[in-house]
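These notes concern the structure reproduced below.
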Amino acid sequence: MPPEPSADSAPSEDVVRYERRGPSAVVTMNRPRYRNAQNSAMTYALDDAFYRAAADDEVKVVVLAGAGDHFSAGHDIGTPGRDVDRSFDRRAGLWWDHVGRPGGESRFAREQEVYLGMCRRWRELPKPVIAQVQGACVAGGLMLAWICDLIIASDDAFFADPVVRMGIPGVEYFAHPWVMGPRFAKEFLFLGERVGAERALALGMVNRVVPRAELDSEVASVAERIAKMPALGLALTKKAVNQAEDQMGLQTGMDSVFGLHHFAHAHNAETGADSLAGHDARSMRAAQRRPRQI
């Protein structure tokens, strides 16, 4: 059994909230103080919530939201609740526990589980999932939005993957060329700048953009209309589109880039202070202050 979380790390039932609203299950990331940065406790709590929604025959649609001003600012690389050295019961694959393993072995085993593996399994949830995005959707936050079938964003939402600043070629769930096209994916990564909601809509990264005050009602309206469709028809349609995307190379592309991602981590660790090229949450946030918006 994993050890109890520290006082600085909220228990899993708190870091993710689960609520039924008619035919919808609303799953809400609940670390607003840290802009919903994802620690492992949140990852496994999200997994619990998605399983709960999948098993409930009365749930037709799942909504993934973030509490507070932001959807998610990415992986937790510096909050008091960071739990990178804590063990959890593994669910996304058969790699061994990362805790106590040396160097790249630890990083690879952990990220194969909590980042790439979890996102892949959530993408296959056989019910439509809508991401309700406001404010920041950055780096690891992109991964959470991209596993969803639809993304509905507020007009103040913005998207960015600034990890090239760390010498790393994008986040672990590397869907960039498929969700925004190869040409813009290069610009998005090379510059690491914010993409506003309207530009994201024009690029096909999101489905709809609405005023912040209307985000809840718009998502609820879309979910309610989807829920009237036959459940099996929705599940098969989702699988059909996912399979077509995989035929276009999504799965194999991700596998190849995951290797490059870990080569970059190893290079950073070998040539510098750590696997993140000396960056932390503070330095990455500072680099994003008053950025140009693409």
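Observations on the model:
- Spin-label proximity, Lys186 to the stretch 251-275 - amide N less than 20 Å from point 7 Å beyond Cα toward beta carbon: 253-254, 256-258, 260-261
- Each residue of the stretch 129-137 is assigned a 3J(HN,Hα), and the resulting list reads 10, 10, 8, 9, 10, 10, x, 6, 10 Hz, derived from the Karplus form 6.51 cos²θ - 1.76 cosθ + 1.60 (θ = phi - 60°), x at Gly and Pro.
- Additional length obtainable on full extension of the chain from Ala235 to Arg33, 0.36 nm per residue less Cα span: 69.2 nm
- Here Arg86 sits with roughly 40 square angstrom of accessible surface, probe radius 1.4 Å.
- Rounded to the nearest whole angstrom, the semi-axes of the ellipsoid equivalent to the chain, taken from the Cα gyration tensor as √(5λ), stand at 28, 22, 19, largest first.
- The trypsin sites (Lys or Arg not before Pro) found in the stretch 188-269 that occupy coil by DSSP, while having at most 10 further C-beta atoms within 10 Å, are Lys228.
- Dipole magnitude (debye, nearest 20) for the stretch 137-294, charges at Cβ of Lys, Arg, Asp, Glu: 320
- Dipole in debye (nearest 20) - the stretch 1-140, about Cα centre, beta carbon charges: Lys, Arg +1; Asp, Glu -1: 380
- Cα centroid separation, the stretch 188-224 to the stretch 63-106 (Å): 26
- Extreme residue, positive dipole direction of the chain, given options Val171, Gln132, Val206 (C-beta unit charges): Val206
- Here the relative contact order of the chain, from alpha carbon pairs under 8 Å that lie six or more residues apart, stands at 17 percent.
- Ordering 89-98, 108-117 by mean Cβ neighbour count within 10 Å, with the highest value first, yields 108-117, 89-98.
- Within straight-line cross-link reach of Lys228, lysines at Cα separation under 20 Å, skipping those fewer than 8 residues along the same chain: Lys60, Lys127, Lys238, Lys239
- Across the stretch 15-109, the convex hull enclosing all Cα atoms gives 101 Å³ per residue.
- Computed [θ] at 222 nm, helices only, for the chain once each DSSP H run of length n ≥ 4 contributes -39500 (n - 2.57): -12000 deg cm²/dmol
- Over the stretch 178-217: Kirkwood hydrodynamic radius from C-alpha pairwise inverse distances, Å: 11.2
- In this calculation the C-beta distance from Ser221 to Asp56 is compared with R0 = 30 Å, giving a FRET efficiency of 0.90.
The values are calculated or read from the model by the stated rules, or taken from the named source; none is laboratory data. Values in this document were obtained by computation on a predicted structure and should not be read as measured data. Neighbour counts run over all protein chains shown; Cβ positions are idealised from the backbone, glycine included. Surface accessibility is based on the protein's heavy atoms, side chains included, excluding ligands, DNA and RNA. Shrake-Rupley method; radii C 1.70, N 1.55, O 1.52, S 1.80 Å.
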